[in-house]
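S.K.: Got a structure for you, written out below as structure tokens; questions coming shortly.
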Amino acid sequence: MEDNQDKPHAIMVPCPFQGHIIPFIHLAIKLASKGYIITFINTEKIHHQITNSSPDHDPKTTQDDIFTEARKSGLEIHYATISDGFPLGFDRSLNDDQFLHGLAHVFSAHVDDLFGKIVNKDSRISCLIADTFFGWPSMIAKKYNLVNVSFWTQPALVFTLYYHMDLLKINGHYDCHDNREDAIDYIPGVEGIKPKDLPSYLQASNTTTIVHGMIHKSVFEDVKKADFVICNAVEELEPKTISALQEKQPFYPIGPTFALNGFTMNTVATSLWSESDCTHWLQAKPHGSVLYVSFGSLACCSREEVAEIAHGLLLSEVSFIWVLRPGIMDSYDNDFLPVGFEDEIKDRGLVVPWSCQISVISHPTVGGFLTHCGWNSVLESIWFNVPMLCYPVFADQITNRKFVVDDWKIGFNLCDRKPISRDEIAEKINRLMSGKSANDLRKNMGQIKEKVEHSISSVGSSEKNFNQFIGDLKVRIS
Ligand code: UDP
């Protein structure tokens, strides 16, 4: 048996967003199952939100720890929380400059402080696994003499576009949304991508926001100093992009991370909002008949968009589950749904604030997903063979849409022009849920799913890359 003294110890720090925390937790469990000691760090706000949303939450318990159950099965995962510099009640929105400024410029001081305490207490800590979106990992890794592993939770294509931001600028494709249509064909490993498919932060007309500064500091500058980059991507889906990146830096695609532990992870609470039970409602519906609608944890819609989607759902006559997250609209009030909406949908629709998405889309009665194209949602949809209607809002979602609709042909665009219209929404929903074109999507989906499934088999790329990463890390640590 390996002595505890010899076990490698890694500290993991995800960005405080739902779509980042989930893959980090999957990775933590996998590494712990391979003999790593893990210290997992969440912000106090995220910790508070997760524990308050958990069905097992006991308000009298002050020492809630999301890994308590995982430890009972022998995994050595410690847990710590850190201030992001704001009080718990502060409204943390991606539109709030004060919050973003704190995350970009103040958070690193809190990290430094906590690392000082943790690393000084345990000299065996050898490795930092931090979110690529942070701008401080190289500074912290150097200061505490840690191997610097960067974890990118989105596709390799999006990574390489940010990574080569300088080429986009030289060629006039940065911030050029309205006036260039020619394909970008000079980024290593990228065959050609139109400016309209770049992540929003590369094509927005105002390219000087705090988020732009963060991306420049992190994915363009700091990640180049990382010892290793791991990525929630699948080599079979992006072979050329990944092999070009591997010429630059040790780069390991290990996705989809939700499959890393064979779906045995329900001992760890991950949701930032309480999950409504949808399975009971789903059970009464015919096979493949329900449309699942969700825009993830960050995307916002206008009141008009939400109302138009509601009308489109009504007109489609399709059964649906709609996740209307608190805060999805900039101004949230109670009368944004069409008059009589709830009476009219009766048992045909279920509107919930948050769901256990994996349970919903894995349910046999779900036959389509109207999605904002968050990368986790796209991978989950592929895994459960659910074709998509795409309504990307910002960031990588724009580029992920291209994969789904143009490259893999496993989904349609919700609308071909803006503003969106209820008639087109209803028509697209019906096209997704039934008919010849829906069958074509399902056939293509089968092929993509096969590649993803193969990647995590014992001879698949993600399994191989994960083992290679562990081996290379071990050499670097010792
Ligand atoms: N999710 C969930 N319940 C919901 C909506 C989303 O559990 O009602 C999960 C979903 O399964 C995914 C994550 O939250 O794993 C969202 O990540 P994604 O990359 O799709 O979008 P983001 O929230 O980062 O925009």
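S.K.: Quick one: P(r) of the chain from all Cα-Cα pairs, 10 Å bins, percents rounded to integers, in order of increasing distance.
M.R.: Reading upward from the zero bin: 4, 20, 31, 28, 14, 3, 0.
S.K.: Highest mean first, what order results for 39-45, 74-80 on Cβ atoms within 10 Å? The partial results should precede the final answer.
M.R.: Details: 39-45: 21.7, 74-80: 16.7.
By packing density, highest mean first, the sequence is 39-45, 74-80.
S.K.: Here is a further query. List the aspartates and glutamates whose Cα lies under 19 Å from the Cα of LYS225, skipping any in the same chain that are fewer than 8 positions away.
M.R.: Correct list for LYS225: ASP112, ASP131, ASP166, GLU247, ASP472.
S.K.: Where a Cα-Cα gap under 17 Å defines reach, which aspartates and glutamates qualify for LYS72, not counting those fewer than 8 residues away within the same chain?
M.R.: ASP56, ASP64
S.K.: Next question. Please list the non-local residues whose amide H lies under 5 Å from the amide H of PHE251, H modeled 1.01 Å from N, same-chain partners needing a gap of 5 or more.
M.R.: The answer is VAL229.
S.K.: So for the range 91-134, what are the equivalent ellipsoid semi-axes in whole Å, largest first, each being the square root of 5 times an eigenvalue of the Cα gyration tensor? Walk me through the numbers before you get to the answer.
M.R.: Numbers: eigenvalues 145, 27, 9 Å².
Semi-axis lengths for the range 91-134 are 27, 12, 7 Å.
S.K.: What is the sum of charges around TYR79, taking Lys and Arg as +1, Asp and Glu as -1, for the other residues whose C-beta is under 10 Å from the C-beta of TYR79?
M.R.: Values: positive: ARG71; negative: ASP64, ASP65.
Local charge sum for TYR79: -1.
S.K.: Holding the Cα-Cα limit at 19 Å, pick out from LYS409/LYS443; LYS45/LYS121; LYS285/LYS451 the pairs that are longer than that.
M.R.: Numbers: LYS409/LYS443 10 Å; LYS45/LYS121 25 Å; LYS285/LYS451 30 Å.
Table pairs above 19 Å Cα-Cα are LYS45/LYS121; LYS285/LYS451.
S.K.: While we're on this one: Using a Förster radius of 41 Å, what is the FRET efficiency between ALA80 and SER243 based on their Cβ-Cβ separation? Nearest 0.05, please. Could the numbers behind the result be given before it?
M.R.: Numbers: r = 37 Å, r/R0 = 0.91.
For R0 = 41 Å, the calculated efficiency reads 0.65.
S.K.: How much of the pair distance distribution for the range 292-368 lies past 20 Å, counting alpha-carbon pairs only, in percent? It would help to have the intermediate numbers written out before the result.
M.R.: Values: 866 of 2926 pairs.
Summing the P(r) of the range 292-368 above 20 Å gives 30 percent of all pairs.
S.K.: Please compute the Kirkwood hydrodynamic radius over the range 1-160, one decimal place, Å, based on all pairs of different Cα atoms. Before the final figure, lay out each step's value.
M.R.: Details: mean 1/r = 0.0602 Å⁻¹.
For the range 1-160, inverting the mean 1/r across all distinct Cα pairs yields 16.6 Å.
S.K.: Okay, moving on. If contacts are Cα pairs under 8 angstrom and at least 6 residues apart, what is the relative contact order of the range 280-417 in percent? Write out the running numbers ahead of the final one.
M.R.: On the way: 215 pairs, mean separation 36.7, N = 138.
About 27 percent, as a whole number.
S.K.: Please identify every one of the GluC sites (Glu not before Pro) in the range 298-359 that sits in a loop by DSSP and has no more than 13 other beta carbons within 10 Å of its own beta carbon. Don't skip to the end; give the middle numbers.
M.R.: Values: sites: GLU304, GLU305, GLU308, GLU317, GLU342, GLU344; in loops: GLU317.
Here the GluC sites (Glu not before Pro) that fit, given the DSSP loop and packing criteria, are GLU317.
S.K.: How fast does the range 316-467 diffuse by Stokes-Einstein, in µm²/s, taking the Kirkwood radius from C-alpha pairs at 20 °C and 1.002 mPa s?
M.R.: Details: Rh = 16.8 Å.
For these conditions, the coefficient is 127 µm²/s.
S.K.: Let me ask something else about it. What is the distance in Å between the Cα centres of the range 247-317 and the range 160-223?
M.R.: For the range 247-317 versus the range 160-223, the Cα centre distance is 28 Å.
S.K.: Near LYS418, which aspartates and glutamates are there with a Cα under 14 Å away, not counting those fewer than 8 places off in the same chain?
M.R.: In chain and number order, the partners are GLU304, GLU305, GLU308.
S.K.: Related question: Net charge within 14 Å of PRO364 by Cβ-Cβ distance, Lys/Arg positive one each and Asp/Glu negative one each, not counting PRO364 itself?
M.R.: In short, +2.
S.K.: Hey, can you grab everything whose amide H is under 5 Å from the amide H of SER302? Only 5+ residues off in sequence or another chain; H modelled, so Pro and N-termini drop out.
M.R.: Hits under the 5 Å cutoff: none.
S.K.: What does the helix-only formula give at 222 nm for the chain: each DSSP H stretch with n ≥ 4 adding -39500 (n - 2.57), the total divided by the residues, and the result rounded to the nearest 500 deg cm²/dmol? Mind showing how you got there, number by number?
M.R.: Values: 20 runs with 182 residues, N = 478.
Taking each H run of at least 4 residues, the total per residue is -11000 deg cm²/dmol.
S.K.: Which chymotrypsin sites (Phe, Trp or Tyr not before Pro) in the range 264-343 pass both tests, a DSSP loop state and at most 14 other beta-carbon atoms within 10 Å?
M.R.: When the chymotrypsin sites (Phe, Trp or Tyr not before Pro) of the range 264-343 are filtered for loop state and at most 14 Cβ neighbours within 10 Å, TYR332 remain.
Throughout, read-outs are computed from the coordinates displayed, never taken from laboratory work. Small disclaimer: the values here were computed from a predicted structure and weren't measured. As a convention, Cβ positions derive from the backbone with ideal geometry for all residues, glycine included, and neighbour counts pool all protein chains shown.
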